[in-house]
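Enquirer: I'd like to ask some things about the structure below.
The values are calculated or read from the model by the stated rules, or taken from the named source; none is laboratory data. This structure is a prediction, so every number in the text was calculated from the model and none was measured. Cβ: placed from backbone, ideal geometry, glycine included. Neighbour counts: every protein chain shown.
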Amino acid sequence: MRATTSETWRIVHDERLRLVDDLAHMRDEAWQTPSLCPGWTVHDVLAHLVDSATTTRIGFVRRMIAAGFDFDCDNARGVERNRSADPADTLDAMRRAASLTCTPPAALATRLVEAFVHGEDIRRPLGIAQRYPQQAVVDALTYQLKTSVTMGGGRQRADGVRLIATDVDFTHGSGAEVRGRAIDLLLAVSGRAVLPNIPS
């Protein structure tokens, strides 16, 4: 059963705080570790999460106009704006923003996608293992599979394959089988090179 709005926000808030806890005692040099997002360090991804958590619908529209409706440009500006010289300050900003319910004009499921995918963008390169609420991961994965790549989803990446989760009852599509945990499938369709047969 899909989570209610209040349940979804509770999960998002919990995930933000868990990420803050995971990064609380990181060595200074580790902040420059390349993340799973090409071109971004783990510090950059955290700054992006702060930016997203504090962006309102109206604010997002204004920013997109200023960026000429270039999502990459807007994201880069958001990272630069929220990445403090001292990563500890960026982490404090994430802690303060953790309970906010601001969101760009997008489906609420995108908040789950962001929390899980960007959480792994940071954790995996640092060797930090984390468990995620399975049904919420499935909700995020289902959303990504319905949404075009041009809109930040992953529908086209799953063309011609049958996705089979190994840790929860979930299958999708037809073709060559691709097996993995639900979180791995979510990362793969979101463009992360973590599973074979799914283009990043």
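Here is a yes/no grid of residues against (1) modelled with pLDDT of 95 or more; (2) β-branched (Val, Ile, Thr):
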| site | (1), (2) |
| --- | --- |
| CYS102 | no, no |
| VAL113 | yes, yes |
| HIS118 | yes, no |
| ARG124 | yes, no |
| PRO133 | yes, no |
| VAL138 | yes, yes |
| GLY153 | no, no |
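Enquirer: Out of everything in the stretch 84-100 that is within 17 Å of the chain's Cα centre (by Cα) and part of a loop (DSSP other than H, G, I, E, B), what residue ends up being nearest to ARG10 (Cα to Cα)?
Expert: It comes out as SER99.
Enquirer: Can you tell me which residues in the stretch 71-91 are closer than 15 Å to LEU17 by Cα, of a type in the set (A, V, I, L, M, F, W, C) and in contact (Cβ under 8 Å) with a residue 12 or more places away in the chain?
Expert: LEU91
Quick grid of which residues meet (1) out of contact with any Ser or Thr (no Cβ under 7 Å at 6 or more places or on another chain); (2) on the phi < 0 side of the Ramachandran plot:
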residue: LEU23; (1), (2): yes, yes
residue: TRP31; (1), (2): no, yes
residue: GLY39; (1), (2): yes, no
residue: LEU46; (1), (2): no, yes
residue: VAL50; (1), (2): no, yes
residue: THR54; (1), (2): yes, yes
residue: ILE65; (1), (2): yes, yes
residue: ASP70; (1), (2): yes, yes
residue: ARG83; (1), (2): no, yes
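Enquirer: Something else now. What number goes with the only condition from (1) over 25 Å from ALA109 (Cβ atoms); (2) in contact (Cβ under 8 Å) with a residue 40 or more places away in the chain; (3) surrounded by 13 or more Cβ atoms within 10 Å (Cβ to Cβ) that ASP28 does not pass?
Expert: (3)
Enquirer: Please work out if ASP139 is in the same structural domain as ALA47 (by TED's automatic domain parsing) and within 16 Å of the chain's Cα centre (by Cα).
Expert: In short, no.
For every residue, the table says whether it meets (1) under 15 Å from the mean Cα position of the chain (by Cα); (2) closer than 25 Å to VAL194 by Cα.
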site	(1), (2)
THR5	no, no
VAL12	yes, yes
PRO34	no, yes
TRP40	yes, yes
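Enquirer: Contact list please: Cβ distance under 8 Å, first residue in the stretch 59-70 and part of a helix (DSSP H, G or I), second residue β-branched (Val, Ile, Thr), pairs at least six apart or on different chains.
Expert: ARG63/THR55
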